[in-house]
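Below you'll find the structure, written out as structure tokens, and then a few comments.
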Amino acid sequence: MEITNVNEYEAIAKQKLPKMVYDYYASGAEDQWTLAENRNAFSRILFRPRILIDVTNIDITTTVLGFKISMPIMVAPTAMQKMAHPEGEYATARAASTAGTIMTLSSWATSSVEEVASTGPGIRFFQLYVYKNRNVVAQLVRRAERAGFKAIALTVDTPRLGRREADIKNRFVLPPYLTLKNFEGLDLGKMDQANDSGLASYVAGQIDRSLSWKDVKWLQTITSLPILVKGVITAEDARLAVQNGAAGIIVSNHGARQLDYVPATIMALEEVVKAVQGRLPVFLDGGVRRGTDVFKALALGAAGVFIGRPVVFSLAADGEAGVRKVLQMMREEFELTMALSGCRSISEITRNHIVTDWDGPQTSRIAPRL
């Protein structure tokens, strides 16, 4: 059966993967309200397409932190990809490189920064968790730099792991044949079986709950790489990110895996964009499954989006070819949405191309009759 959209990969992944692994990738925190909302919120944004515009040529290329990429769709960091497929992060790195876009490697990858770099050329970012042991952090950042990674995506929404009930039920643990490769030599690569979630216990033991803005400053003293702050969903924190020298913001609720009942990222996006006043780029992850979703995010001010679960599900279903296909489908859908909306380049996508259900009558973008 031919796969015609990104969502179809999830069912295939569910069939193929052990329950513990599928549940780890698929689930959210607690009631999973935000998990559903991340998707549903996109359906409350409608298009105001402009017609009779010559859309013979459409340019969907863009620039992220000075790097030219083929489209504003990038790969989000997702942990432990070798649970999905034996080639894991190697396959994802090659697929992203082929697509001409950026891959973000998770701190908790089952392949190291060096191994991913060895797959060949490509623009890659490194997602960082700050461990209690700062020497571990400094070492990891230096290794990422040496391996040619171009930015650090600092996760700031995880002082403690969210309550993911599927992982508790399944007693989730990294399978014994795998390790958190970036920490292998530091004796931090293994995850012990616990009487709840092995990952929650690992985080409680290793990740620094005292992380604050001063650590964002500290990171800037140990690396020259730009730092993206991942996990900002309010105007207040967006302004603090600007003040503390962040190079960009990723509006993210951690795939709805941390605090449940936070808004969908697409709902939080405009507040953050307005707060930064163009001083740094704002990106979004969470719930992006269609080219139409990408367009909506850009219309609300995002400089680009990151996709996570579609990558691991397609990886599970069909390895590197699956990830390539997901990136290709998203690309084609996005380009079609642009054409049908009358936009020939990213810069032509405006707030006037959409209407949201939170645009009240007084802010409606629909022009009055003359």
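The values are calculated or read from the model by the stated rules, or taken from the named source; none is laboratory data. Remember, predicted model here, so these are calculated numbers, not experimental data. Reconstructed Cβ throughout: ideal geometry from the backbone, glycine too, with neighbour counts over all protein chains shown. What goes into the accessible areas is simple: the full protein's heavy atoms, side chains included, and nothing from ligands, DNA or RNA. Shrake-Rupley method; radii C 1.70, N 1.55, O 1.52, S 1.80 Å.
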Practice task
Go through the residues of region 311-320 one by one and say whether even a single one is open to solvent by 10 Å² or more (accessible area, probe 1.4 Å), farther than 24 Å from GLN127 by Cα and modelled with pLDDT of 95 or more.
Solution key: yes
Problem - Out of LEU161, LEU128, LEU174, LEU140, sole residue that is over 25 Å from ALA93 (Cβ atoms), in contact with a helix residue (DSSP H, G or I) (Cβ under 8 Å, 6 or more places away or on another chain) and of a type outside the set (Val, Ile, Thr) - result: LEU161
Exercise for the section: Show the residue pairs that are 6+ apart or on different chains and have beta-carbon atoms under 7 Å apart, the first residue being within region 309-328 and at positive phi, the second being modelled with pLDDT of 95 or more and small (Gly, Ala, Ser). Expected result: GLY319/ALA91
Exercise for the section: Sort out which residues of region 157-166 are open to solvent by less than 40 Å² (accessible area, probe 1.4 Å) and either under 21 Å from the mean Cα position of the chain (by Cα) or on the phi > 0 side of the Ramachandran plot (or both), and write them in order of number. Expected result: ASP157, THR158, LEU161, GLY162, ARG164
Practice task
Sort through LEU35, LEU52 and tell me the only one that's in a loop (DSSP other than H, G, I, E, B) and open to solvent by 20 Å² or more (accessible area, probe 1.4 Å).
Solution key: LEU52
Problem - Matching residues, region 247-263, being buried (at least 24 other Cβ atoms within 10 Å of the Cβ) and within 16 Å of ALA302 (Cβ to Cβ) - result: ILE249, ILE250, VAL251, SER252, ASN253
Problem - Enumeration of residues in region 19-68 that are among the small types (Gly, Ala, Ser), touching a residue at least 12 places away in the same chain (Cβ under 8 Å) and closer than 24 Å to ILE102 by Cα - result: ALA26
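Here is a yes/no grid of residues against (1) closer than 30 Å to ARG209 by Cα; (2) free of Cβ contacts under 8 Å to residues at least 60 places away in the same chain:
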residue	(1), (2)
ARG94	no, no
SER97	no, yes
SER118	no, yes
ARG124	yes, yes
Practice task
Look at ALA96 and say whether it is among the hydrophobic types (A, V, I, L, M, F, W, C), part of a helix (DSSP H, G or I) and either within 15 Å of the chain's Cα centre (by Cα) or crowded, with 21+ Cβ neighbours inside 10 Å (or both).
Solution key: yes
Practice task
Could you tell me whether any residue of region 124-138 is modelled with pLDDT of 95 or more and either on the phi > 0 side of the Ramachandran plot or open to solvent by 20 Å² or more (accessible area, probe 1.4 Å) (or both)?
Solution key: no
Completion exercise
Residues in region 195-221 that are outside any helix (DSSP H, G or I) and of a type in the set (Gly, Ala, Ser) total 3
Problem - Residue identified as part of a strand (DSSP E or B) and open to solvent by 50 Å² or more (accessible area, probe 1.4 Å) among LYS68, LYS14 - result: LYS68
Fill in the blank from the handout: All-but-one check, ASP293 against (1) under 20 Å from ASP237 (Cβ atoms); (2) open to solvent by less than 20 Å² (accessible area, probe 1.4 Å); (3) of a type in the set (Asp, Glu), failing number (1)
Problem - Filtered residue count, region 226-246, keeping only those that are hydrophobic (A, V, I, L, M, F, W, C) and open to solvent by 20 Å² or more (accessible area, probe 1.4 Å) - result: 3
Problem - ALA268 being surrounded by 24 or more Cβ atoms within 10 Å (Cβ to Cβ) and either at pLDDT 95 or above or of a type in the set (Gly, Ala, Ser) (or both) - result: no
Fill in the blank from the handout: Of the residues in region 143-158, those that are in contact with a helix residue (DSSP H, G or I) (Cβ under 6 Å, 6 or more places away or on another chain) and either over 14 Å from PRO226 (Cα atoms) or without any contact (Cβ under 8 Å) to a residue 60 or more places away in the chain (or both) come to ARG143, ALA147, GLY148, ASP157
